[in-house]
Amino acid sequence: MLKQTGVPSADDLKRVSPSEERLALGPVAIIECFQKIPCNPCATSCPQGAIKPFVDINDLPDFDPALCNGCAICVANCPGLAIFVVDERYSEDTALIKLPYEFAPLPEVGAMVGVLNRGGQQIALGKIVRVQNPPRFDRTAVVHVEVPKCWAREVRFLALGANKR
Ligand code: SF4
Ligand code: SF4
């Protein structure tokens, strides 16, 4: 499925998802990287050692969710835009997603935006809570968007000026 559509299958996602127990503890990275390519900034940028050093540059990330604090540094450093941080403990009804964003203009804090699934379809509205764009992120901003909790595992993009729902 991934090769034909670019959208990972449920089995692909199951392989990379942290456990329910870890998700319930708060912010954690979800590394949706499925294709072996010569690339390792996720591992070299993680300050917690949660992504183990690659033995071969073509390795897939070897991630230990127990060591991850959800800082999202890897989100900004992944050239494949394949890493997201999900905080399902953000509030009773909402989750916080930290996602990479490389378009201009950047969204404004407080704005309501359309949030999209992996297939690019709008599934809900989300509220921009924070935009991180320091020089060390090299123009890949990390946008924090609050979404209805039921969509926490589906939201992977956002669209400025998307339709009301
Ligand atoms: S979110 Fe932070 S701690 Fe977790 S894997 Fe990414 S860089 Fe490491
Ligand atoms: S940096 Fe991103 S694309 Fe590269 S191996 Fe890590 S997760 Fe995959």
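The values are calculated or read from the model by the stated rules, or taken from the named source; none is laboratory data. Please read these numbers as outputs of a predicted model, since none were measured by experiment. Virtual Cβ from ideal backbone geometry, glycine too; neighbours counted across all protein chains shown. To get the accessible areas, we keep the full protein, side chains included, count just its heavy atoms, and leave off ligands, DNA and RNA. Shrake-Rupley method; radii C 1.70, N 1.55, O 1.52, S 1.80 Å.
Taking only C-alpha pairs under 8 Å that are 6+ residues apart, what is the relative contact order of segment 9-98 in percent? Please list the in-between numbers first.
Numbers: 152 pairs, mean separation 28.5, N = 90.
So the answer I get is 32 percent.
How large is the accessible surface per residue of the chain, computed with a 1.4 Å probe and reported in Å² as a whole number? Intermediate values should be presented prior to the final figure.
Working: 9040 Å² over 165 residues.
On a per-residue basis, the chain sits at 55 Å².
Tell me the label-point distance for the pair Leu81, Ala111, using the 7 Å Cα-to-Cβ offset, in nm and rounded to one decimal.
With each label point 7 Å from Cα toward Cβ, the separation is 1.5 nm.
Can you compute the helix-only [θ] at 222 nm over the chain? Use -39500 (n - 2.57) per DSSP H run of at least 4 residues, normalise by all residues, nearest 500 deg cm²/dmol. Intermediate results must be reported in sequence, preceding the final value.
Details: 5 runs with 26 residues, N = 165.
Mean residue ellipticity at 222 nm (helix-derived): -3000 deg cm²/dmol.
What accessible surface, in Å², does a 1.4 Å probe find on Ser17, ignoring ligands, DNA and RNA and rounding to the nearest 10?
The value for Ser17 is about 50 Å².
Just Pro79, Pro65, Pro135 to compare: in a GNM of the chain, with alpha carbon springs under 10 Å, which one fluctuates most?
Pro135
Using a Gaussian network model of the chain whose springs link C-alpha atoms within less than 10 Å, name the residue from Ile123, Ile97, Ile31 with the highest mean-square fluctuation.
Result: Ile123 has the largest fluctuation of those listed.
Between Ala24 and Asp93, what is 0.36 nm times their sequence separation minus the Cα-Cα distance? Round to one decimal in nm.
Working: separation 69, 0.36 × 69 = 24.84 nm, distance 1.35 nm.
Stretched out fully, the Ala24 to Asp93 stretch lengthens by 23.5 nm.
Tell me, what ³J(HN,Hα) does each residue in segment 39-50 have, in order and in whole Hz, if you take phi through Karplus 6.51 cos²θ - 1.76 cosθ + 1.60 with θ = phi - 60° and put x for Gly and Pro?
6, 8, x, 4, 6, 6, 8, 6, x, 9, x, 6
Using the Kirkwood radius built from alpha carbon pairs, what does the Stokes-Einstein equation give as D for segment 80-148 at 37 °C and 0.692 mPa s, in µm² per second? Could the numbers behind the result be given before it?
Working: Rh = 12.5 Å.
In µm²/s, the coefficient is 263.
If contacts are Cα pairs under 8 angstrom and at least 6 residues apart, what is the relative contact order of the chain in percent? Spell out each step's value before the answer.
Numbers: 339 pairs, mean separation 31.3, N = 165.
This gives 19 percent for the chain.
Given the whole protein assembly as supplied and a 1.4 Å probe, what does the accessible area of Thr94 come to in Å², nearest 10?
Accessible area, nearest 10 Å²: 30 Å².
Grab the chain and count how many Lys pairs have their alpha-carbon atoms under 28 Å apart, sequence gap of 8 or more, or different chains.
Eligible lysine pairs with Cα atoms under 28 Å apart amount to 18.
Determine the share of segment 2-159's accessible area contributed by carbon and sulfur atoms, expressed in whole percent, with a 1.4 angstrom probe.
Within segment 2-159, the accessible surface is 53 percent carbon and sulfur.
Just the Kirkwood number for segment 2-159, please: inverse of mean 1/r across all distinct Cα pairs, in Å, one decimal.
Values: mean 1/r = 0.0633 Å⁻¹.
Taking every pair of different Cα atoms in segment 2-159, averaging 1/r and inverting gives 15.8 Å.
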